[in-house]
Structure formats: structure tokens, C-alpha cells
Amino acid sequence: MSTALLMKQKGRSYRNITIVGVGNLLLGDEGVGLHIIDRLSQVPMPPYVNIIDCGCDLFGLTAYIDEQARILVVDAIRAGGEPGEIYTFDCRRLTSTKIEMGSAHQVKTLDALRLMKSVCPALAESEIVVIGVEPKTMKLGSCLSKEVSESIAEATRFVLEEIITLSKGKNMAAASILVIDDDPEFVELTKTVLEAQQYDVICAYDANEGAAKLTECIPDVILLDIMMGKGAEGFILARKIRKDHRFAKIPILMITSMREQTGFDFPGKPIHPKFLPVDEYIEKPFEPQALLEKIEQQLARRNAG
């Protein structure tokens, strides 16, 4: 197995997951797969997740795949449902299905996957899941139908859930992470990244809820937004946590966009506890890998102590 395929971090091993968008943006709902992966490209992803725009050339997928990879193909599927209906199929159970993978592709998606698995050794051992949306129209034009357009958010959620499912089976006991932030979208995206790494994630959407969650389940690491509610409520909560003997040793990773909001620039040096009672900080927006590395560092320090 290639070293590029198997990623190792602090005792964990991960198999690559490749998300493949298929379709033609000039044929209406035929391009829905590309619209979905465009939305996914704006979501923080774990480092072992790759997003590929294959357009109409699904055969180009073979250039990106190594043995035992896990693949999610996102495309229009004509299966007789209502426009915008979402389907999920495991290709290992599609060998005899008569479902038509609806498209204007010269070779239909399902037939292409079957052929590729038969001639490409790497794909033969791959797990392939197809997620599709029932199209309404695939006529010339760049606009999606209303029904299909409205299904994109839910289809994106389907893909994110499949990423979590395909990421199962790590060999390390899951650490728990408490995320406290008043931005629901940020919390959801961060939760997706962490759950894909098999962390148990607890979410709170303001300082009061965060304090309540602490008493319910003591986490291994706290991700804490500083600027919440009427001001720097995260600062206040961090000080309360440090003064409580039950939680004082929990690493706190401060999430901040303070440089943009206040002009204050952190020097990149260890944070003095009298100034800010946290262990580390990360500035929004951040790369998923940077967040994961900081969490691993805090867990390693806590375990070493």
C-alpha cells in the first residue's frame, strides 16, 4: 500500500477518501454533482479527504485512485423518484441493479464504474458509494431546476455523513472535544472535521450552555470562542474553568478572530496564564489540519503529564 494512501498521525491510520463530482454544468440538473462538490470545497475537511471535479470524464478518476481507497461519487441519478430526491447506493450491491444513472454522459456512471472496477486493480478493491439527486430536466442551460437546487444542502449533508461513516474503524479510543462557539455553521463544520477523525464531539452555542455541558460530561479538550454574546464571554468562561478544580487541567484551545475585530496581534509565543488562561489559540479562518495538529499536541501534553 502506498504511503500517500495510508496517513499516520499520533497512532491513528487513515485510508484516503476521494469525493468525485460528475456532470455537465451546461445541461441543467445534469450538473448537480459539480454544484455539490463546489459546496463541499468550502467545508473544512480532514487531510485524508480529496475532492475531485471529473466533469463528464469519470474515467479520469483512475489517475487519482490507489488500492483500497474509499470513493464517493456524486452525480444525477434517474431512478424514477421525485425531482430533488436523494439516493445513496453502495456499488458492491449495484452489480445487478437496473437503476439508470441519468446523464448525458456518453457512458453512464454505473456502467463506467463497473468497467473501471473490472480493468483497474486499484478500483477493484475500493469501496465506492454513489450519492445522487433525481434530476428534473437535463436540457441545454446552466441553471438547476428549483427542486434540485433546493436539494443541494441536504445532499451535501448526505456526503458529510458518508465521510464520517467511511472514517470508522480507528484503533485509538476516541477523545472527547467540547466546542463552544456562537456561530452554528462554524460549530457544525468543526464537528464534521472532528467526527471524521473519530473524536466524540459535544457542542455548545454560547458560554452558559458551554458551562452547563462541562458539568454533564468532562471533555479531554475544549475549543472555546472568545468573542461571544455581548462581548468577550469566552474570556470570562475560560477564567471560571481555570478556577474550578474539576476542570482546571483540561486543555483550552482558544478560537479567535480578534486580529480582524480589534487589531490585536498574538505574538506566536506561549500565552501567559495571567493574561489569558488558555493553553493555545488558533485564528479563524484556519486549515483543518492546523486545528487537528493543535488538538493532538494538547492531548499528547495532557497524557504525558
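The values are calculated or read from the model by the stated rules, or taken from the named source; none is laboratory data. Predicted, not measured: the structure shown is a model, and the values here were computed from it. Here the Cβ is made from the backbone with ideal geometry for all residues, glycine too, and neighbour counts use every protein chain on show.
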On the basis of being assigned to a helix (DSSP H, G or I) and surrounded by fewer than 20 Cβ atoms within 10 Å (Cβ to Cβ), does Thr190 make the cut?
no
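Is it the case that region 113-130 has a residue that's in the same structural domain as Leu26 (by TED's automatic domain parsing), closer than 20 Å to Asp38 by Cβ, modelled with pLDDT of 65 or more and within 20 Å of the chain's Cα centre (by Cα)? Even if it seems obvious, please write down each step before you answer.
The first filter runs over region 113-130 and keeps only residues in the same structural domain as Leu26 (by TED's automatic domain parsing), leaving 113-130.
Filter again for closer than 20 Å to Asp38 by Cβ, leaving 129-130.
Subset that is modelled with pLDDT of 65 or more: 129-130.
Right, trim to within 20 Å of the chain's Cα centre (by Cα) and you get 129-130.
Looking through region 113-130, at least one residue is in the same structural domain as Leu26 (by TED's automatic domain parsing), closer than 20 Å to Asp38 by Cβ, modelled with pLDDT of 65 or more and within 20 Å of the chain's Cα centre (by Cα).
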Name the residue that is surrounded by the fewest Cβ atoms within 10 Å (Cβ to Cβ), counting only residues in region 139-180 that are modelled with pLDDT of 85 or more and of a type in the set (Val, Ile, Thr).
Ile152
Of the candidates Gly263, Gly234, the one satisfying the condition of being modelled with pLDDT of 80 or more and more than 21 Å from the chain's Cα centre (by Cα) is Gly234
Scanning for something closer than 30 Å to His35 by Cβ, assigned by TED's automatic domain parsing to the domain that holds Glu293 and not charged (D, E, K, R), does region 203-223 turn up at least one residue?
yes
